[in-house]
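See structure below.
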Amino acid sequence: MNHPSPQQHVHTRSPVELFTGFAAPTSNTTFAPNQFFDVCLRYHSRGVVRLVAYLIRQTLGWCDANGQPLHERVEISYRELIEKAGISRGVIRRSLDEAIAGGFIECVRPGKASSAHAKAESAHYQLRWDTSPQYHKDPNNFRGFFEGEGNRTDIPNQFFDHVVPHEALSVVKVVGSVIRFSIGFQARHGRRRQQASLSYRDIERYARLRDTHTLAAAIRHAEECHYILRLQDGIFDPNGGAQSRPAIFALRWADSSPFYPTGSETPAALIVADRFKNPSGTGSKTPAANRFKNPSDIQTKLTKEIVKQQQAVVETPEALAFLKREGFSEEVARSLSAGFPSERIREQIEWLARRAPSRNRLGMLRRAIEENWPAPEELRHAEVSKERDFAQNFYAGLAGNPRMAVAEPSNRDLQVAAEFVARLLAAKPMKVDAAAWARDFARYVRARKRETDVASLVLALRLHGDAWLLRFAQTQDQNRNAEIETARAAHRAKFANLWLEFIANSERTCRVERAEDYTAFLKRVENTRWRLSAANPERERLIAFQGHFQVPDFWHWDAEFNIQPFPPCA
């Protein structure tokens, strides 16, 4: 298995308490290939999983009125992969290369760096499809997603938007296993399973999570975060008797699990008796011509009366009226007004004209509401603009005035200040303080000022702006790196014992499954000059075992198995 590199940035994870379950799969789903679960999620690193999941979401999650994807090719910037896909900057290139080598994506236009005469261009990628008639689950034979009939499932968008970008790979694998063997598997008569009988061993085998402690922690975390619901506890009979039974899991739905509400009896006819049959890829039978139409064959048990009662509680008449006036159908308008705050809906409608939608205006508006897009660039700039503060405080600092700035900058001053502040913000400062930046720049200019210099912001920026900006960016990088290293050291100290426990579990497994190799390892240790110190021989033996058997080091373990990994950031 490939392991991601150490994560070196800071990223705010979505609060657990905000996730109340997946939205009912009657809308807001992505018609995703089952091979994402069978090949990508099982065998590849977290970076590749997040990358491929993001491309699937962007490509297959948005369709036009005829069911065709709006974007078959996706333009991707590093910034987008960091902020939206949750991939740290240090592993983006390696994740792209691994995804291309694995047959999941292909590059149709390489990116270009900016030059003196041309702007930078983001690379264009698209999902890779396989036209052969065989559905491959072996990563060695995988050459692209199966393009034939069926073999796709309507996956709630929240799995791609919430779970994959924010959770450890072990948690994503657990949730993915429940998805794959419940709604991702077609049972008799063309219906979708709504739950799955899965023992720990079943999940361990499918998700390829060899450490039982990591698996148990991932399942517990997935339950606490309301991703999955345990409908029945499993029982293990050590004597191998008939008392053993697997646990039964299902996705947790936001409306108190409309398929199997907590405490309700599960119809015996729907229990998956043939649990963990190897899905052969002959799941759903959606015609190839309609593969982008996002059909949903999951049957809910809510009556129309219950739906109406729920809508009456949360629906906002004002938002409903706004959406219908924009052109949404009654059904879509009710769904959006029931699921999102009226203030968000009103803002997104007001901002839509500034986004200049070239086509599918309602599609852009719906996506902006669902994903809570920020204000358009010109509005954000107007809200956080610091050009006046910068210009005024520059003149105050140049004159040696430590108090309130009183100079009134000209329009030209404001124009160049706005451009320069934008360059400063691009350096991702630790703290935004245009007044302090301006006074520091003024001190820099004063130290280099000659009698013939013109005391204007325009000329100062022309003469000294680039040199001071370079120093500013270097200082910010140094401060940011120092903060990250401090956070990394604290993170490693906090989870070092869990990592050692992971190694100890691997060692116990190795003693049983690779007895000869483990015996040879012990002899090698004894026959070398290296000796276990008296201070902590247990720890040093584990470290030696980790290196000899290539067990993941701390940062690889942290990225792939830790429930609270050191998170990436922009």
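Geometric descriptor of the stretch 430-508, per residue, is 113 Å³ (volume of the convex hull of the Cα atoms).
At full extension, ASN141 and SER410 could sit 90.2 nm farther apart than now, given 0.36 nm per residue minus the alpha carbon distance. At an R0 of 30 angstrom, the distance between the Cβ atoms of ARG508 and ARG220 translates into a FRET efficiency of 0.90. Rounded to whole numbers, the Karplus 3J(HN,Hα) couplings from phi for the stretch 392-400 are 4, 6, 5, 5, 5, x, 5, 8, x Hz, using 6.51 cos²θ - 1.76 cosθ + 1.60 with θ = phi - 60°, and x at Gly and Pro.
Across the stretch 211-224, computed HN-Hα scalar couplings (Karplus, 6.51 cos²θ - 1.76 cosθ + 1.60, θ = phi - 60°) run 8, 5, 5, 4, 4, 4, 5, 5, 5, 4, 5, 5, 6, 5 Hz from first to last residue, x flagging Gly and Pro. Scalar couplings 3J(HN,Hα) for the stretch 174-179, obtained by applying the Karplus form with A = 6.51, B = -1.76, C = 1.60 to θ = phi - 60°, are 5, 5, x, 5, 5, 4 Hz; x denotes Gly and Pro. The stretch between LEU500 and ARG446, if pulled fully straight at 0.36 nm per residue, gains 13.8 nm over its current Cα-Cα span. For TRP129, the residues 5 or more places off, or on other chains, whose built amide H falls under 5 Å of its own are PHE145.
Of the residues PHE521, LEU469, ILE503, the one whose Cα sits farthest towards the positive end of the charge dipole of the stretch 399-540 is LEU469 (charges of +1 on Lys and Arg Cβ, -1 on Asp and Glu Cβ, taken about the Cα centre). A cut-off of 5 Å between modelled amide H atoms, ignoring neighbours fewer than 5 places along the same chain, links ARG109 with HIS124. Put a dot 7 Å past the Cα of GLN478, heading toward its Cβ, do the same for ARG361, and the two dots end up 5.3 nm apart.
Label-to-label distance, ARG325 versus LEU425, with points set 7 angstrom from Cα along the beta-carbon direction: 3.0 nm.
In this structure, HIS213 and GLU485 have a Cβ-Cβ separation that, at R0 = 35 Å, corresponds to a calculated FRET efficiency of about 0.75. Sorted on the mean count of surrounding Cβ atoms within 10 Å across their residues, most packed first, peptides 35-43, 50-58, 157-165, 206-214 read 50-58, 35-43, 157-165, 206-214. Computed from label points 7 Å out along Cα-Cβ, the spacing between ARG89 and ALA467 is 2.6 nm. Remark on THR153: its backbone amide H falls under 5 Å from those of ALA32, ASN34, a criterion applied only to residues 5 or more positions apart or on other chains, H modelled at 1.01 Å from N.
The numbers here are math on the coordinates, done by the rules we state, and not lab data. The structure displayed is predicted, hence computed values, not measured ones. FYI the Cβ positions are ideal-geometry reconstructions off the backbone, even for glycines, and counts take in every protein chain you see.
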